[in-house]
Each structure stands twice: as structure tokens, then as C-alpha cells.
Amino acid sequence: MLRNIFLKTLRDYRWQILIWGGGIGLLMLVYGPAYNSVFGAGPNRDQIIADYKKTVDSFSILTGKVYDLDTFGGFITTKIGSGMPIILGIWALLAGSMIIRGEEERGSLDLLLSTPHTRTSVFLQKWAALMLAMAGIVGLSFLGILGGAAAAKVELDPVGALMAHINWGLGGLVICGFALLIGQLTTRKAAAGWTGGILAGTFLLNNLVVNVESLKWTQYINPAYYASLSQPLARSVGTNWVGIIVQVLFMVVLVAIGLWMYRQRDHNGYFELRVFKRSESVTSRKVRLVAEPKEFWLRNNFTFGLRNALPGVIIWGLSLSAYSLLILSVFDDLKSSMVDLLNSVDFFKQLGFLNLTNNENILSLFIFLFTVLLVAAYAVVQVSGWTSEENSGRLELVLSTPQPRWRFLLTNFGVALASSALMVGLVYVIFGLSTWAFNVPVSFGNTLAAYFGLWIICVIIEAVGFVLAAFGPGWAVGVTGGLVILSYLVNTLGDTLKLPQAVVDLSVFKQYGQPLIEGLKWTPQIVMVVLSIIFIGVAIYRFRQRDITK
Amino acid sequence: MSTVSQVAGANRPNPATGLAIQAQNLTKRYGQARGVTDLNLEVREGEVFGFLGPNGAGKTTTIRMFLNLLKPTSGRVTLLGLDSQQDSVEIRKHIGYLPGEFSLYPNLTGAKTLEYFANLRGGVDWTRIKNMAERLELDLTKKFRQYSRGNKQKVGIIQALMHHPRLLVLDEPTGGLDPLNQQEFYKMVEEARQEGTTVFFSSHIMSEVEKICDRVGIIREGQLIKVGNIVDLTDLKNHHIELIFSEKVPAEVFAKLPGVDHVEASSEEGREILRCTVRSEALDHVVKTAAHYPLVDFISREPSLEETFLDYYRNEGKAS
């Protein structure tokens, strides 16, 4: 396995193939028995299928369409078919941003390029290994679905199952292509972030198009649309070869552009179009002497931290605003097409959307259900920014200056809070202006409360992240992110899973509630602020006591 | 920002001991793993102290405890008469530190990086930064990520020296510097010393230690095994002696002398040659013993500090 770059790269993927492929395969394996237990073969089967279809249909904005629930293939397509591109997409964006840019940042590509291999050869061998790794992951999933069908003794078309996996794998490789291409323009982390945005954006847009006629044009440039054209496991849809071919073309074009950029740019540099390249001024002296850069942002830790956070504030703020703008721009279409359906389903009442005829309810469902999670993700990114100070080794030098540790931690926490406030504030202002521009009246007080509540969510998540970082900067971000996801799931599925109310109340999203509809509950907000202060106190105590890691 | 110049001697702690660094029974353990064990060390104000040891000996761990980046498992350190943990912030006002490995902000230019660090220190005279950049041939307009390893090191050196620190702690500072810039750096250290700055200098490059240090401490497997003047270390040197006789001499007579090792006798071109390594204090015995035999020639070669260092480690290794 160490004979060439291709095999070595494939070897590096072996655990990922086993973990991701094995995990998805196991999921597929249990879906066979699950299908039998949900629908069985009793006399009420048709009624159960009709009820199930009605419930799942109401999720279509989140999960996509419902297909042929009377077959195991249709059940799988409905249940996991729309989620697979997201699951594989997450692996794809991580892998795609890692193969060239990630290895470059790690320093391992330097040595590889010192061997007699061209950049094209290195790039293509790595890409080929990545494609094979994706094939390995979907291959294990394919075996899982075959095993699940055999175990449950349900009928399954193996060719359809194979084609479904090829389609899912292709969708993942398109996302890999995006990550690889964007990685030529920016850092690995940024490439992964931007690709994540593309993955979420294309997925949501494709689902939204089902209900909003005026957005239909977007599907022709949306790779998620071409992936959704083929549903080989659902007999009413089958395989759409145009969809498959367009996905292949997407992948080839993205990879080709990525390769071209990689060949053009400097190693460890970023691709720049020649017309935008800044010409280096030629000086006769070896050393260019510069005046003191009396920049406001370099004055102290706080202003400096804010300077570093501002690009993120703008990118996240504008991205979230763009989504709000999109929803508001098609609000009337959305309202008329969704209200009847939403009102007929109990699930949304469980989530707190009691009256789906007014603007606040619909906006709360379409904007805030996602926005709250994305704002939480932004807070996790702030925690990541703090831990990276230490993990990257920068803290070593900063703490050699006369900064008390407690002040440095507090200043950075202040930066996280301020940047979150700026980001949420930016989204609030654009949302407010958009509701006015698109003539969608909403309660001013509740809107303000909803955005203020978003900031409180940032405060508590950042405080939790900082206290965890005070104990282990290496694992704090992962654990904080896990807690956020757990908290979201507990709030969303608490009633369905019949979790004790005390457990559901621990979710920050539960405490956030539906402020656009019913205002903000102030007591939980105050509790979260007090808890944040306590967490930061503990973080300071621990940070002062412990070793600085390298 | 401001251009407040901090000069040597201004607003400084004034230790009565005259010691810039005093470590007492300093110990650091990482679980069961060894870090540093019972390290006792005194570095006098105004001296350049070399801290020698092979990779993994505990040099960086010791330095990071000085800076309060690592908390000692036991023992204590005072820097400039102040406790490294209790008075850490006050100490850092007077310290310049260059870590062995460091990272800075990739998208910030060298100038902005140094301005930021200057501001964290309450302001530094920009002319000094500019002068040092010029001396080290560092282009301050480039972004940190565009710098080569050596140029990154120069940014680190400037940030350590720019505020006229009273104590300079340098962890392998010349890594990545070309020979010309190394020479310039040595001059800067010498100038700092002339201003009264104490320099604590970790390295495994013997030539630079020999060149700029007054005293040297040797650390091995977490324990300080030797501290002495460069001259003292020279005394440790095993002189390589070649004695040429006109007739055969009993080698065992020399081998039995205290401080004499590796005795080898051979015949070459009709002459009887006896080679051995002799510690400085045993030289007198060897000369007097050789005088009993028909001595034709006497050649003594003093090894470099590097050879001494390696010998020392080898011997200590055998002893342990």
C-alpha cells in the first residue's frame, strides 16, 4: 500500500471507509427489520402508510419528497435517500478540502512534491484514491441494504440499490469537487466552511423549489436537483441518466478547474487571476523600510480580536441574511402553498407553531428553525477561534507579554460576544429592512426579542466552549459542537422520544422557544446569562492554573 | 500606537540577590513521564548563560516553567527576584522570549505583527524595530505566511529584543538563520549584554555557545548535570595526548594513572607511539611519568567544546 501516491492515499482512507461506510451500512441493515415493524402486513397497512406519508410530506422542506412507501426501496428512499447526500457531503467536504490544501498546510505535500512527480500526477492520484474511498463507503452501505432486505425478507431490486448508491456517491463527489476547487483559493478551514454552505444551500433550495414556483429556474444550476432526479430505489421514479451524466459533468468540470488552479498557483499560496494579481513593486534595496503601522485594530487584544472576527461576522451575517431575503422574497407563494398542509399536521403544533396562518408563525418555521442552529454553529466557530490561539502555538508568544491570563481570556470572550452581537445585529437589521421592503408585516417587539434571544444562545454556547477549552483546548470544540447538536435534537425530538421534561428543558433551543410568535421568556434568558458568568469564572480559574499546551 | 521607549534600568524590580534566575528543586512531571527533576540553577544578572542538552533533555520544559507557561509539579523559580507564578505579569514586563517553535498570524504583515506585540507591551520605539529589521534584512511589508522559516525567526527575534528586556530567554534562537544573520544576531545579543541584559540561551550548537556564553549548564534526561564557566568546561576537556618514544614503553603504567583513559600503544615507522585521553588535572602526572622514558615528542590537542560535550554525555550515560 505504500508503493505509490494513489495507494498511500487510499491507505490513509482505510479507517474512514470502515467508520463512515460501516456506520451507514449498519443503518441500512437495521432499516429492513424497521420497515417490517412500521408497516407490517396487517389489515391496517394501507392506512398506516397513508398516515405516515402525510406526516413525512410535511417535512418536505427539510427532507425532500415522499416515495412509494409500500415498497422497501421507496421506504429507504424516503427515509434516508434525501439525508444521504448530506451525510456523504459532510465526509466529502472534509476529504475534498484535505487532499491538497490540508496536506499543504500540514507540510506533508512539500516532501511529496520533492519526489519526481508532477503536480498533475499528485493531484490526480489523490483524487482517484478519494473516488475509490467514496466507492468503498457507498459499497459498504450497499452491502448493508442488501443484508437488511435479506434479514427482513423484503423485496429489493439489487440493480436499483446499486444505482442509488452510485447516484449518492456521485453527489458526494460533486461536493468533493467544490471543496477541492475552493481549497485552491483559500485555507482548508475556509474551503470546508464554504463547501458546507454550498451543501446546505443547494439542498435547502432544491427542497424549497418544490413549493415555490418562482424559484424553479435555480434547479437547473443546482447539483442537488440533478442528484434528486434519480431515485432508483423508488419504482415510480427510477434512474434518470440525464441527472447522472450532469453530475459526472459537474464533477469533471470542478476537478478540472481545481487542477488548473493548482498548476497555476504557488505552493502554499492561493490562486489569483492574473488580471487581479497585485504587481510587486520593485525596490532597489533588499529591505523595504516601513512606517509604523498605526492601525486602530492593533491597539490591544480586544480590537485585534475583533479585527480577526470581522470577516466571519460579515460572511455569516450576509449568508444568513441572504437566506432570510430568499424566504421573504417568495413569502406570498410560500404562504399560500404551505398553510393548508402545515395546519393539518400535528407535528408542527408539537414544535410550538400553533397558528400557521400568520406571518410570525411561517417566518418562525422557515427562517428561525434554521437560523437558530446556524447561529449556534457560529458560536462554536468562535470557540474554535479561541482554542486555535493555543493549539496553533500563538498563545506561547502572546503570554510572554505582560498580559494576565484572566484578562486575556476575558478579552477573548468579550470578542466572541461582541462579534456574535454584531453578526446577529447585522442579520436583524437586514431582516427588518427586508420585511418592510417585501411588505411582510411582523411584530417589531417579537422580532427584536427573537434576535436578542439568538445572541443569548451565542453567549451560553461560547461560555460552555470557553470553560471546556480551559480544561482541554484539543477537544473543547468537538464536545461543544456535540452538545449543540444534542441540545437541538433533544428539543426537536423530545416529545417524539418521550424524554422527561427536565431533560428537554436543558436544551438551550427549548429555552429559546418561539420568540417571534410568543416573545422571549426572560427568566430562562437570565438563568443562561448567570450560568455563562459562572462558566467563565470557572474557565478563568482553570486557565490560570493549568499548563499552556503547544 | 505610542512610541514609548522602555530603556534598560527603567522601572525594574531590584533583586537583592543579584540573580536574574534562581530555580530551586524545580520539578515537572507529565503523569509518570519525566519532564525535569530537581533542577537547581542560578543565573547571575548581566551574564549570558548557555543551556545545553540534546533533544528531549528538558530544555524547553525548563524555559516554559520560567515563563509560567508550565506549572512546576514542585519547586519554585524566581526571575529578577520575583516569583515566576505569583509575579508572572510583572516579570513579563522585563522579559523578552523567543520560543523554540512558534506561530503567528498568517495574514498579518511583519510590521503589523510587531506593532501588535509592541502595543501589548505598552509601546516600543518604532525606530528600534526598523533598525533591527534592517540589520537582519527582514522585509516587514510581507505577510507572515509568506516568510521563509528564517524570516519568521527574525520576526520572533525582533519581538523578543525590541523593548530592551532585562532578561532575554531564547530557546534555540538561530534555527533557520543563515550564517550572516547569525553573526548579526550574536552582535545584537552582545549589545544587549552590554546594556546589562541577562541572556538565557538554550542551544545544542556548541560553536555559538562557546562564542557568546559566559557560563553553561548541561541538562540530560531532565537533570542538570553540570554548571560551569566556559573556561571550567574547558578544564573538563579530555586532552588528546600523543607521546612518541624512541623505544617501547609499558602502556599499563600510563593506564593506571588517575584521569587517563583510552591508552593505546602502537609502532609506526620505527617509533613507539602511545595515545591516550587525559583530563586537565592529570596532565602533570602524565608529563612527569613520560619523563622517565626516552621521550622524543609530545603532542597535545585540545578538543572543541562539542567533543567535550559529547564525551561528557557519553561518560555520564555510562555512569547512569
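The values are calculated or read from the model by the stated rules, or taken from the named source; none is laboratory data. Just so it is clear, the model here is predicted, and its values are computed rather than measured. Positions of Cβ are backbone-derived with ideal geometry, glycine not excepted, and every protein chain shown enters the neighbour counts.
Kindly check whether there is at least one residue in the stretch A:519-532 that is crowded, with 20+ Cβ neighbours inside 10 Å and modelled with pLDDT under 90.
Taking every residue of the stretch A:519-532 in turn, none turns out to be crowded, with 20+ Cβ neighbours inside 10 Å and modelled with pLDDT under 90.
Taking the options A:Gly385, A:Gly393, name whichever one is touching a residue at least 60 places away in the same chain (Cβ under 8 Å), out of contact with any helix residue (DSSP H, G or I) (no Cβ under 6 Å at 6 or more places or on another chain) and at positive phi.
Testing whether each residue is touching a residue at least 60 places away in the same chain (Cβ under 8 Å), out of contact with any helix residue (DSSP H, G or I) (no Cβ under 6 Å at 6 or more places or on another chain) and at positive phi leaves just A:Gly393.
Select the helices (runs of 4 or more DSSP H) contained entirely in the stretch A:1-99, then report the ones holding at least 2 residues which are touching a Phe, Trp or Tyr at 6+ places or on another chain (Cβ under 8 Å) and modelled with pLDDT of 80 or more.
The helices (runs of 4 or more DSSP H) meeting that bar are A:22-39, A:72-76, A:84-97.
Could you grab the pairs with beta carbons closer than 8 Å, sequence gap of 6+ or different chains, first residue in the stretch A:256-273 and of a type in the set (Ser, Thr, Tyr), second one modelled with pLDDT of 85 or more and surrounded by 13 or more Cβ atoms within 10 Å (Cβ to Cβ)?
Final answer for the pair search is A:Tyr262/A:Ile100; A:Tyr262/A:Arg119; A:Tyr262/A:Phe123; A:Tyr262/A:Gln184; A:Tyr262/A:Phe271; A:Tyr270/A:Gln184; A:Tyr270/A:Leu185; A:Tyr270/A:Thr186.
Any residue that is crowded, with 17+ Cβ neighbours inside 10 Å, part of a helix (DSSP H, G or I), under 22 Å from the mean Cα position of the chain (by Cα) and not β-branched (Val, Ile, Thr) - is there at least one of those in the stretch A:116-130?
Looking through the stretch A:116-130, at least one residue is crowded, with 17+ Cβ neighbours inside 10 Å, part of a helix (DSSP H, G or I), under 22 Å from the mean Cα position of the chain (by Cα) and not β-branched (Val, Ile, Thr).
Does A:Glu389 satisfy being under 21 Å from B:Glu115 (Cβ atoms), within 9 Å of another protein chain (Cβ to nearest Cβ), of a type in the set (Asp, Glu) and in a helix (DSSP H, G or I)?
Answer is no for this residue.
Applying the selection to the stretch B:279-293, what residues are modelled with pLDDT of 85 or more, farther than 14 Å from B:Val253 by Cβ and surrounded by 13 or more Cβ atoms within 10 Å (Cβ to Cβ)?
B:Leu283 - this is the single residue of the stretch B:279-293 that is modelled with pLDDT of 85 or more, farther than 14 Å from B:Val253 by Cβ and surrounded by 13 or more Cβ atoms within 10 Å (Cβ to Cβ).
So is B:Leu170 among the hydrophobic types (A, V, I, L, M, F, W, C), within 8 Å of another protein chain (Cβ to nearest Cβ) and in contact (Cβ under 8 Å) with a residue 12 or more places away in the chain or not?
No: the conditions fail for B:Leu170.
Within the set of pairs 6+ apart or on separate chains, which have a first residue in the stretch B:254-280 that is closer than 15 Å to B:His240 by Cβ, a second that is at pLDDT 85 or above and in a loop (DSSP other than H, G, I, E, B), and C-beta atoms under 7 Å apart?
B:Leu274/B:Val249; B:Val278/B:Gly259; B:Arg279/B:Gly259
Quick check on the stretch B:256-278: of everything there that is farther than 17 Å from B:Leu295 by Cα and under 35 Å from the mean Cα position of the chain (by Cα), which residue is surrounded by the fewest Cβ atoms within 10 Å (Cβ to Cβ)?
Per the criteria, the residue is B:Pro258.
Restricting to the stretch B:139-152, and then to whatever is crowded, with 16+ Cβ neighbours inside 10 Å and closer than 14 Å to A:Val290 by Cβ, can you tell me which residue is farthest from the other protein chains (Cβ to nearest Cβ)?
Filtering the stretch B:139-152 for residues that are crowded, with 16+ Cβ neighbours inside 10 Å and closer than 14 Å to A:Val290 by Cβ, the one farthest from the other protein chains (Cβ to nearest Cβ) comes out as B:Lys142.
At positive phi and touching a residue at least 60 places away in the same chain (Cβ under 8 Å): which single residue out of A:Gly238, A:Gly196 fits that description?
Result of the check over A:Gly238, A:Gly196: A:Gly238.
Mind listing whichever residues of the stretch A:443-467 are within 20 Å of A:Phe366 (Cβ to Cβ), surrounded by 18 or more Cβ atoms within 10 Å (Cβ to Cβ) and either of a type in the set (A, V, I, L, M) or under 22 Å from the mean Cα position of the chain (by Cα) (or both)?
Of everything in the stretch A:443-467, those that are within 20 Å of A:Phe366 (Cβ to Cβ), surrounded by 18 or more Cβ atoms within 10 Å (Cβ to Cβ) and either of a type in the set (A, V, I, L, M) or under 22 Å from the mean Cα position of the chain (by Cα) (or both) turn out to be A:Ala449, A:Ala450, A:Tyr451, A:Gly453, A:Leu454, A:Ile457.
Is it true that some residue in the stretch A:404-425 is farther than 30 Å from A:Ile548 by Cα, assigned to a helix (DSSP H, G or I), under 21 Å from the mean Cα position of the chain (by Cα) and of a type in the set (A, V, I, L, M, F, W, C)? Talk me through it step by step, then tell me what you get.
Let us first name the residues in the stretch A:404-425 that are farther than 30 Å from A:Ile548 by Cα, namely A:422-425.
Then keep just the ones that are assigned to a helix (DSSP H, G or I); that gives A:422-425.
Now narrow it down to the ones that are under 21 Å from the mean Cα position of the chain (by Cα): A:423-424.
Checking which are of a type in the set (A, V, I, L, M, F, W, C) leaves us with A:423-424.
There is at least one residue in the stretch A:404-425 that is farther than 30 Å from A:Ile548 by Cα, assigned to a helix (DSSP H, G or I), under 21 Å from the mean Cα position of the chain (by Cα) and of a type in the set (A, V, I, L, M, F, W, C).
Of the conditions (1) more than 19 Å from the chain's Cα centre (by Cα); (2) surrounded by 20 or more Cβ atoms within 10 Å (Cβ to Cβ), A:Tyr220 fails just one. Which one is it?
Here A:Tyr220 meets the rest and fails (2).
Within the stretch B:39-61, can one find any residue that is within 7 Å of another protein chain (Cβ to nearest Cβ), under 15 Å from B:Arg166 (Cβ atoms), crowded, with 21+ Cβ neighbours inside 10 Å and touching a helix residue (DSSP H, G or I) at 6+ places or on another chain (Cβ under 8 Å)? Full working, then the answer.
Of the stretch B:39-61, the ones within 7 Å of another protein chain (Cβ to nearest Cβ) are none.
No, the conditions are met nowhere in the stretch B:39-61.
With the checklist (1) facing another protein chain (nearest Cβ under 9 Å); (2) in contact with a helix residue (DSSP H, G or I) (Cβ under 8 Å, 6 or more places away or on another chain); (3) crowded, with 19+ Cβ neighbours inside 10 Å; (4) modelled with pLDDT of 90 or more in hand, flag the one item B:Ala160 doesn't pass.
(2)
Working only within the stretch B:93-138, note down all residues that are of a type outside the set (Ser, Thr, Tyr), free of Cβ contacts under 8 Å to residues at least 12 places away in the same chain and within 7 Å of chain A (Cβ to nearest Cβ).
To start, the set of residues in the stretch B:93-138 that are of a type outside the set (Ser, Thr, Tyr) comprises B:93-96, B:98-102, B:104, B:106-108, B:110-112, B:114-115, B:117-126, B:128-138.
Then drop every residue that is not free of Cβ contacts under 8 Å to residues at least 12 places away in the same chain, which leaves B:101, B:112, B:120, B:130-131, B:134.
Listed by number, the residues that qualify are B:Glu101, B:Lys112, B:Leu120, B:Lys130, B:Glu134.
Take A:Thr239 and decide whether it is hydroxyl-bearing (Ser, Thr, Tyr) and closer than 28 Å to A:Val330 by Cα.
Criteria not met by A:Thr239.
When you check A:Thr480 against the structure, is it more than 17 Å from A:Ala416 (Cβ to Cβ), in the same structural domain as A:Trp522 (by TED's automatic domain parsing), of a type in the set (S, T, N, Q) and in contact (Cβ under 8 Å) with a residue 60 or more places away in the chain, yes or no?
no
For every residue, the table says whether it meets (1) in a helix (DSSP H, G or I); (2) crowded, with 18+ Cβ neighbours inside 10 Å; (3) under 19 Å from the mean Cα position of the chain (by Cα); (4) at pLDDT 95 or above.
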site	(1), (2), (3), (4)
A:Gly148	yes, yes, no, no
A:Ala161	yes, yes, no, no
A:Lys189	yes, no, yes, no
A:Gly196	yes, yes, yes, no
A:Phe203	yes, yes, yes, no
